[in-house]
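Undergrad: Before we start, here is the structure in question, set down as structure tokens.
Read-outs throughout are calculated quantities, based only on the coordinates presented, and are distinct from any laboratory measurement. No experiment lies behind these values; they were computed from the predicted model shown. Ideal geometry is used to build each Cβ from the backbone, glycine not excepted, and the neighbour counts take in all protein chains shown.
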Amino acid sequence: MPNSAGPAEPFRQTLINTERNINASAEITGRSVTLDCPTDWSVRTIALRGGKQEGVDLVVIDNGRLRISLIPTRGMGIFEVVMGDVRLGWDSPVREIVHPSFVTLQSRGGLGWLEGFNEFIVRCGMESCGAPGVDTFINNNGDEATMELTLHGKVANLPAQELEVIVERQPPHRIRVRGRVDERTMFGPKLELWTELSTEIGSNAFRICDVITNRGAGEQEFQMLYHCNVGRPLLQAGSTFLAPVERVTPINETAAKSVGRYAQFSGPQAGFVEQVYCMRPLAGEDGRTLTMLCNAHRDRGMSLSFRPSELPYLTLWKNTAAEADGYVTGIEPATGFPQNRALERKAGRVPRLAAGASRSMALDFAVLASADEVRRCADAIARVQSQRAPVVDEKPAKPL
Amino acid sequence: MPNSAGPAEPFRQTLINTERNINASAEITGRSVTLDCPTDWSVRTIALRGGKQEGVDLVVIDNGRLRISLIPTRGMGIFEVVMGDVRLGWDSPVREIVHPSFVTLQSRGGLGWLEGFNEFIVRCGMESCGAPGVDTFINNNGDEATMELTLHGKVANLPAQELEVIVERQPPHRIRVRGRVDERTMFGPKLELWTELSTEIGSNAFRICDVITNRGAGEQEFQMLYHCNVGRPLLQAGSTFLAPVERVTPINETAAKSVGRYAQFSGPQAGFVEQVYCMRPLAGEDGRTLTMLCNAHRDRGMSLSFRPSELPYLTLWKNTAAEADGYVTGIEPATGFPQNRALERKAGRVPRLAAGASRSMALDFAVLASADEVRRCADAIARVQSQRAPVVDEKPAKPL
Amino acid sequence: MPNSAGPAEPFRQTLINTERNINASAEITGRSVTLDCPTDWSVRTIALRGGKQEGVDLVVIDNGRLRISLIPTRGMGIFEVVMGDVRLGWDSPVREIVHPSFVTLQSRGGLGWLEGFNEFIVRCGMESCGAPGVDTFINNNGDEATMELTLHGKVANLPAQELEVIVERQPPHRIRVRGRVDERTMFGPKLELWTELSTEIGSNAFRICDVITNRGAGEQEFQMLYHCNVGRPLLQAGSTFLAPVERVTPINETAAKSVGRYAQFSGPQAGFVEQVYCMRPLAGEDGRTLTMLCNAHRDRGMSLSFRPSELPYLTLWKNTAAEADGYVTGIEPATGFPQNRALERKAGRVPRLAAGASRSMALDFAVLASADEVRRCADAIARVQSQRAPVVDEKPAKPL
């Protein structure tokens, strides 16, 4: 049911609304919404069929330049973003977009999350993220009890309860897809995520604006990590990661051995064991940090900007394994590092929300399609870093 | 395919039948079935869409006065019953009626059941109910082995295999919705539940008649607890619970502290820790016990009557937490108390069914909509209690 | 979209293809495909509805004599095969064909697999099969970690990603149904199963040809066991199992007590505890072994032939329990015995696949419908056995 308000009001269409019992398909096009705009943009739903993708809904946002595939069924994750010859995304051993009902997070020693892991952007959280293993919680009797946390929490396997498309009728015609994902349970967290993915028509950029709210009556811990995963073509032998950082710390001995080359990537290597680097990003004068992954020729890249005041920690996951095993790197702005929550709590990196309180987090992405754009982004990163030299730890810190 | 038998035969319509591969929608109305009846009653199915409710089917029975929402997809639970300004039900932090495929009972230390918990009436059982934790069982080799029981068992997350609607053509035109839920596995329980929800047209009352049958060839334990959960408007500061009881025992020290006020309720209180009271209900001369929850003004209430010979134990769960955390009380007639099955077995409260044997359990509910009705119900409860004074334990009994 | 190639090319129709987003129904009949063939064969899909079977797709292949029910939604298992008065299959306590989203393998101490177990042929594997319990694996950090294996692994609860029907246009018009099932995860196995079920029009026989491929870049363990389960009418008091074997070893003391009668079956017996016999089958000159289950009158039977070079181990599972508890025997050609993988690895029975390597396994089944066919099959088995006398162990071997 398209909204037919006047031209001043943005276009709005509800795709999912559990209270109103709506789960609708849609095909929204520039021709019908932005009559004065020559760009041929669209927002379309696709219902996936067959195998473990049966029942998954995709929303494909094409702004005329970028094509973004959003997955409301999997916690509003983003499967891929394509612009010309650049694809933000990777080729996981998991080939389908897996419906949550086929994922058991408890599987394989708490690593079941990996059976559905193939997105470009997957949120980890919200009650917990990080490594599996035992942590404590307060049970219904008000007593401390223990539970086995599972890798990276639940939010990526929760479907959106609300989903709507909003399009500004005035140039530059920002397209917004807003979704709500609840991680709520009796005697547990009552966390609500409102996320907005938006992009302007014809732009090479897109933005994620998230707000997490504690809908419970008591204080509530939460964790959030944006697992942004990129493979070919940006990742290749000779690719570089750039970020202004205060400190870089290898997470373990394996990572420590290669810490001198932490920002450079090699080609696919069978048997490669992941290397993880924990960073404290630096903010520029505008309060933002800027990071980039660029290819070996430095003529293609992805930039990612965010506020360290919102997401103070940044993890670089280097997994330059064989293509068949998942050749990928993860750039992970977060509220902490991806260790088990028990360790993160001890380190003071598990934020808490008072009853009713919210926390906002925004991430700005752009696809860089020329040597000039890559150079300008590198220069901007260098300017932020110029405040101070990064500390690069030779050894893992214990505790981190 | 409505049944077109003569007026003497009841109307019958099959909604679900797995053997005949049927899962049908229906809209059954007084106009087409009970031509001589002026009341505008109906039985309608609703297919829920979006989020975690995708795939859930509801059956809404409107007898012209009560509107009952039944959930065949969730073990024939009852989401809510509405009559005028009274709603039997509550506002759980879990806002959707959750499809079982989104519930992992093993989650959060065996508390995953809570992620789908928001019904007015939810059955706990049938192989086990009560607190999670280790218990023994006999495995396929005939050996004693251990398993981690999960909170309140499986039955609330099993969909009905059969469902049919039957309407008496003669006044008072009882509407019956009958469903079968199997909890059957190889080398495990072969328990079959046939449940009938029924109500007469224009009545303020409804009845649940359950029969559990052991379809296995050996003796089989089972547990059943009817978790009947009520929030506003019946629950408020000053609400009262009335029941004729032989004995009331607080389940732990937290409950013991307030045992003197166990039958009174306070308003919502952030940080309130649940208080649980274990009762042995008294039967009147007709073999029935009668309980009531009424509001502070004693002009609205819910009565619940059952036979202690069928359900000898009654638990009162007081959870007058903040609205946001679930302001609710549970009145829970059962075959035992909601402890872990291992403890209940030691206490002799885990019944067994011989091969092929059945056990019936019936519960009669009514919505009381006037001070007069509340008073009469209170008087009836007092008459049953007049046999003997209740024993109120000051301390938890160990064992219970 | 039926393929309309010329008569020389086989008929092909795609039923499932996740890459092309296809999950289609089909009704393929002899009338439209094999115009010159008088036999009325068909391949039809059935979408199951209601209860725990909601969302399960069946493919029913009727070759004019055999009717085979294949379950792409459950790992390409075979629910039953019917020919005249013979049914290959059994009456499990689990009465529906259960959708994987209703199965939690971790349930009941790792025995959740049993909640969906009712097929004639169910594959156990591929990362692991056998008894639940702890085993080691290599995690994402390259470290040895432990996980709780669940009974018989995942493959039976994974839906097919691809499914196609191929029919030869030339006599004897072999009908092939080919499906792909992936058991792939990040930091875990990347195993791909291509399975082909085929039968000739009018034949009493059918064949399973499986190829397992390691799509990962490193060496990968796998296990595969074909759990072929038969109840009435072939299983009855006086039924016999015949197989040429090098050695028969009871798996435990319970089985040891009856090892002298391991090949004979009794009628249903309440409280019967399963007896499991581990065998090394003998191959004939053609490299094949031949086994048979026949009824008491020796006028009905099922033969099963395979290559010990492909499947070197054979387990006989005798479970002549009461009908209500599952009266059934399992004939289980496999890459090992159904113990926990940790034990099987120590015994050298967990095969490994190099990166990109495949292993083929084929099984040929026939329904024997006369005393003559049964006698000829028994004679053929005796000829293979005539090479050497079987060793029958009186006691369980430790280790096996």
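Undergrad: Which is the longest run of chain B containing none of the trypsin sites (Lys or Arg not before Pro) found in DSSP loop states (not H, G, I, E, B) with at most 12 other C-beta atoms within 10 Å?
TA: B:21-387
Undergrad: Semi-axes of the equivalent ellipsoid of chain B: what are they in whole Å, largest first, if each equals the square root of 5 times a C-alpha gyration tensor eigenvalue?
TA: Details: eigenvalues 193, 153, 83 Å².
They are 31, 28, 20 Å, listed largest first.
Undergrad: For the rotation bringing C onto A, which C residue has its Cβ nearest the axis, and at how many Å?
TA: Residue plus distance in Å, as requested: C:101, 2.
Undergrad: What share of all Cα pairs of the protein assembly as shown, in percent, falls into each consecutive 20 Å distance bin?
TA: 11, 37, 36, 15, 1
Undergrad: Same structure, new question: For labels at residue B:12 and residue A:389 in the simple 7 Å Cα→Cβ model, what's the distance in nm?
TA: Going from the residue B:12 label point to the residue A:389 one covers 8.8 nm.
Undergrad: Expressed in nm to one decimal, what extension gain is obtained for the pair residue B:358 and residue B:297 from 0.36 nm per residue of sequence separation less their Cα-Cα distance? It would help to have the intermediate numbers written out before the result.
TA: Details: separation 61, 0.36 × 61 = 21.96 nm, distance 4.20 nm.
Working it through step by step, the gained length comes to 17.8 nm.
Undergrad: Let me ask something else about it. Identify, among B:276, A:374, A:269, the residue whose Cα sits farthest towards the positive end of the charge dipole of the protein assembly as shown, taking +1 on the Cβ of Lys and Arg and -1 on the Cβ of Asp and Glu, with the dipole about the Cα centre.
TA: The one lying farthest along the dipole's positive direction is B:276.
Undergrad: Let me ask something else about it. For residue C:261, put the label point 7 Å out on the Cα→Cβ axis and report which residues of segment C:210-241 keep their amide N under 17 Å from it.
TA: What the label zone holds, given the 17 Å backbone N cut-off, is C:235-241.
Undergrad: Within 10 Å of each Cβ in peptide A:291-303, how many partner chain Cβ atoms are there on average? Round it to a whole number, please.
TA: Neighbouring Cβ atoms belonging to other protein chains average 0 per residue here.
Undergrad: In addition: Report, by chain and number, residues whose modeled amide H sits under 5 Å from the one on residue B:15, excluding near sequence neighbours (fewer than 5 apart, same chain).
TA: Long-range HN contacts for residue B:15: B:163, B:164, B:165.
Undergrad: Would you list which aspartates and glutamates come within 17 Å of residue B:398, measuring only between C-alpha atoms, while excluding same-chain residues fewer than 8 positions from it?
TA: The qualifying aspartates and glutamates are B:253, B:344.
Undergrad: Can you pull out the GluC sites (Glu not before Pro) in segment B:206-310 whose DSSP state is coil and whose Cβ has at most 14 other Cβ atoms within 10 Å?
TA: B:219, B:285
Undergrad: Given that compact globular proteins tend to follow 2.2 N^0.38 Å, what is the ratio of the alpha-carbon Rg of segment B:33-75 to that value?
TA: Numbers: Rg = 13.0 Å, N = 43, 2.2 N^0.38 = 9.2 Å.
For segment B:33-75, the normalised Cα radius of gyration is 1.41.
Undergrad: Considering the dipole of segment C:11-389 built from charges on the beta carbon (Lys and Arg +1, Asp and Glu -1) around the Cα centre, which of C:355, C:158, C:88 is farthest to its positive end?
TA: With unit charges placed on the Cβ atoms, the residue in question is C:88.
Undergrad: Determine ³J(HN,Hα), in whole Hz, for all residues of segment A:385-400 in sequence, where each value follows from phi through the Karplus function 6.51 cos²θ - 1.76 cosθ + 1.60 and θ = phi - 60°; x replaces Gly and Pro.
TA: Per residue, the Karplus-derived 3J(HN,Hα) values read 5, 4, 4, 6, 6, x, 8, 10, 6, 7, 10, x, 8, 10, x, 5 Hz.
Undergrad: Same structure, new question: One decimal, nm, shortest first: give the distances between the label point of residue B:352 and those of the same position in the other copies, each label point 7 Å from Cα along Cα→Cβ.
TA: Counterpart label points of residue B:352 in the remaining copies fall at 5.0, 5.0 nm.
Undergrad: What aspartates and glutamates could a cross-link reach from residue B:190, if we take a straight Cα to Cα line under 17 Å and drop same-chain neighbours fewer than 8 places away?
TA: B:127, B:162, B:182, B:210, B:219, B:221, C:91, C:96, C:115, C:323, C:325
Undergrad: Can you compute the charge dipole magnitude of the protein assembly as shown about its Cα centre, using +1 on each Lys and Arg Cβ and -1 on each Asp and Glu Cβ, nothing else charged? Give it in debye, rounded to the nearest 20.
TA: Roughly 780 debye for the protein assembly as shown.
Undergrad: Just tell me how shielded C:186-194 is by partners: mean number of partner chain Cβ atoms within 10 Å of each residue's Cβ, no decimals.
TA: Rounded to a whole number, the mean comes out at 5.
Undergrad: HN-Hα J couplings of segment B:293-309 from phi, Karplus 6.51/-1.76/1.60, θ = phi - 60°, integer Hz, Gly and Pro as x?
TA: Working through the residues one at a time gives 10, 10, 6, 5, 7, 6, 10, 9, x, 10, 9, 9, 10, 7, 9, x, 5 Hz.
Undergrad: List every residue whose amide H lies under 5 Å from the amide H of residue A:270, counting only residues 5 or more places away in sequence or on a different chain, with H placed 1.01 Å from N in the peptide plane.
TA: Excluding prolines and chain starts, which carry no amide H, the hits are A:322.
Undergrad: Using just the helices of the protein assembly as shown, give the 222 nm mean residue ellipticity in deg cm²/dmol: DSSP H runs with n ≥ 4 each add -39,500 (n - 2.57), and the total is spread over all residues, rounded to 500.
TA: After summing the helix terms and dividing by the residues of the protein assembly as shown, the value is -2000 deg cm²/dmol.
Undergrad: While we're here: If amide hydrogens are placed 1.01 Å from N in the peptide plane, which non-local residues have theirs closer than 5 Å to the one on residue A:117?
TA: Here C:186 satisfy the definition.
Undergrad: For residue B:35, put the label point 7 Å out on the Cα→Cβ axis and report which residues of segment B:153-196 keep their amide N under 16 Å from it.
TA: B:169-171
Undergrad: Another one. Could you point to the residue in B:187, B:203, B:252 farthest towards the positive end of segment B:140-260's charge dipole, with +1 and -1 charges on the Cβ of Lys/Arg and Asp/Glu respectively?
TA: Positive-most Cα among the choices belongs to B:203.
Undergrad: List, in the order given, every pair from B:257/B:318; A:52/B:52; C:52/C:318; A:52/C:52 whose Cα-Cα distance in the structure shown is over 19 Å.
TA: As for pairs spanning more than 19 Å Cα to Cα, those are C:52/C:318.
Undergrad: Moving on. Taking just the alpha-carbon atoms of segment A:283-400, what radius of gyration and Dmax come out, in angstrom?
TA: That works out to 16.6, 50 Å for Rg and Dmax.
Undergrad: So what J values fall out for segment C:359-367 if you push phi through Karplus, 6.51 cos²θ - 1.76 cosθ + 1.60 with θ = phi - 60°, rounded to Hz, Gly and Pro as x?
TA: So the J values, rounded to whole Hz, are 9, 9, 9, 10, 9, 10, 10, 9, 8.
Undergrad: How far, in nm, would the chain grow between residue A:143 and residue A:398 when pulled straight, counting 0.36 nm per residue and subtracting the alpha carbon separation?
TA: 88.8 nm
Undergrad: Within 10 Å of each Cβ in peptide C:51-58, how many partner chain Cβ atoms are there on average? Round it to a whole number, please.
TA: Working: counts 16, 7, 6, 8, 5, 0, 2, 1.
Partner-chain Cβ atoms within 10 Å, mean over residues of C:51-58: 6.
Undergrad: Dipole size in debye (nearest 20) for chain C around its Cα centre, Lys and Arg Cβ +1, Asp and Glu Cβ -1?
TA: Numbers: 45 positive and 47 negative charges, 99 e Å.
Dipole of chain C, to the nearest 20 debye: 480 debye.
Undergrad: A follow-up question, please. Along Cα-to-Cβ, 7 Å out, sits the label point; list in nm, shortest first, how far the one on residue A:136 is from those in the other copies.
TA: 3.2, 3.2
Undergrad: Taking the label point as lying 7 angstrom from Cα along the Cα-to-Cβ axis, what are the distances from residue B:29 to the corresponding position in the remaining copies, in ascending order and in nanometres?
TA: Nearest to farthest, the other copies are at 4.0, 4.0 nm.
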